[in-house]
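The values are calculated or read from the model by the stated rules, or taken from the named source; none is laboratory data. All values reported here derive from a predicted model rather than from experimental measurement. Here Cβ is always computed from backbone atoms with ideal geometry, including for glycine, and neighbour counts include all displayed protein chains. SASA here: full protein model, heavy atoms, side chains in, ligands and nucleic acids out. Shrake-Rupley method; radii C 1.70, N 1.55, O 1.52, S 1.80 Å.
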Amino acid sequence: MVYNYYPGCTLSTKAKKLDIYARAAAKALGFELAELKEWQCCGAVYPLAQDAIGERLAAARSLAAAEDGKLVTLCSACHHVLKRVNADMAANGEICAKVNAYLGEEETYHGQTEVWHYLEILKREIGFDEIARRVKNPLTGRKIGAYYGCLLLRPAGVMQFDDAENPGILEDFIAALGATPIIY
C-alpha cells in the first residue's frame, strides 16, 4: 500500500532521522510513504479566527494534493493543523468557498481527504499484534511513559485520534515494541 505523505518542516530538517526511520519502518512493514510534491509548511498552528483564510491555504493545498483521499503525517502539529483545516473545508461553507477562491484550482476541494497520523496506520492497517511479532530487538525491561501532548487528542470531535480522556494508542504501541508502558 502507498500512502500520500506530508513530512512537514520539522521532519525535513531538525527531525530528519525520525523521517528516515519512519520510512524504513514503513518499508519493513509493507507500505510506502510517497511524499507529496511541492508541499508547503502547514502553518504549525491552527488559525482560530474564522476569517484567517490565508493561514489555511497551505494546508488546504496539501490536502487537495492527496490524490487517493488519504494523507499521512508523523508530526503532531502538522496532523493537528491538517485535520482541523480539513474539517473546516468539509463543514464550513464560507471558509471552503474563500479558500477555494484563493487557491484558484480547476477542481475545488471540500474536505474529502482522510488525514491520518502514522500511528493510526500502525494500529488500523498493520495492527499492533503484527508489529509485536515483527520486532527484532524488543525493548524488554524498559519502562516508558507516553506523552500525547495537546495536539493529537483535542478537539476530540475533530481529531478522533483516540479517547481524549483516556487515550491508549501510545501505550499499546509501547507494549508492541516490548516495553512496559507506565501510566503517570
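Give me the 1.4 Å probe accessible area per residue for the chain, excluding ligands and nucleic acids, in Å². Show your work: numbers first, answer last.
Working: 10190 Å² over 184 residues.
I get 55 Å² per residue for this part.
Note on exposure: Glu130, Glu120, Glu35, Glu105 ranked by accessible area (1.4 Å probe, complete protein assembly) read Glu105, Glu35, Glu130, Glu120, with the most exposed listed first. Working value for segment 131-182: equivalent-ellipsoid semi-axes of 25, 11, 7 Å, each the square root of 5 times a Cα gyration tensor eigenvalue, largest first.
Counting every C-alpha pair in segment 1-118, the share spaced more than 18 angstrom apart comes to 47%. Label-to-label distance, Ala49 versus Ile20, with points set 7 angstrom from Cα along the beta-carbon direction: 4.1 nm.
Just the protein heavy atoms count here, and of the accessible area of the chain at 1.4 Å, carbon and sulfur take up 53 percent. Between Glu35 and Ser12, the modelled label-to-label distance comes to 0.8 nm, taking each label 7 Å out from Cα in the direction of the beta carbon. Given segment 29-184, what whole percent of its Cα pairs are spread farther than 23 Å? Here the tail beyond 23 Å accounts for 43 percent of pairs.
Which chymotrypsin sites (Phe, Trp or Tyr not before Pro) in segment 42-147 pass both tests, a DSSP loop state and at most 11 other beta-carbon atoms within 10 Å?
Values: sites: Tyr102, Tyr109, Trp116, Tyr118, Phe128, Tyr147; in loops: Tyr109, Tyr147.
For chymotrypsin sites (Phe, Trp or Tyr not before Pro) across segment 42-147 that sit outside H, G, I, E and B with at most 11 neighbouring Cβ atoms in 10 Å, the list reads Tyr147.
Considering only Asn137, Asn92, Asn100, the Gaussian network model of the chain with Cα springs below 10 Å gives its largest mean-square fluctuation to Asn137.
Can you give the translational diffusion coefficient of segment 104-166 in µm²/s, computed by Stokes-Einstein from the Kirkwood radius over Cα pairs at 25 °C and 0.890 mPa s? Intermediate values should be presented prior to the final figure.
Numbers: Rh = 15.0 Å.
Translational D for this selection: 164 µm²/s.
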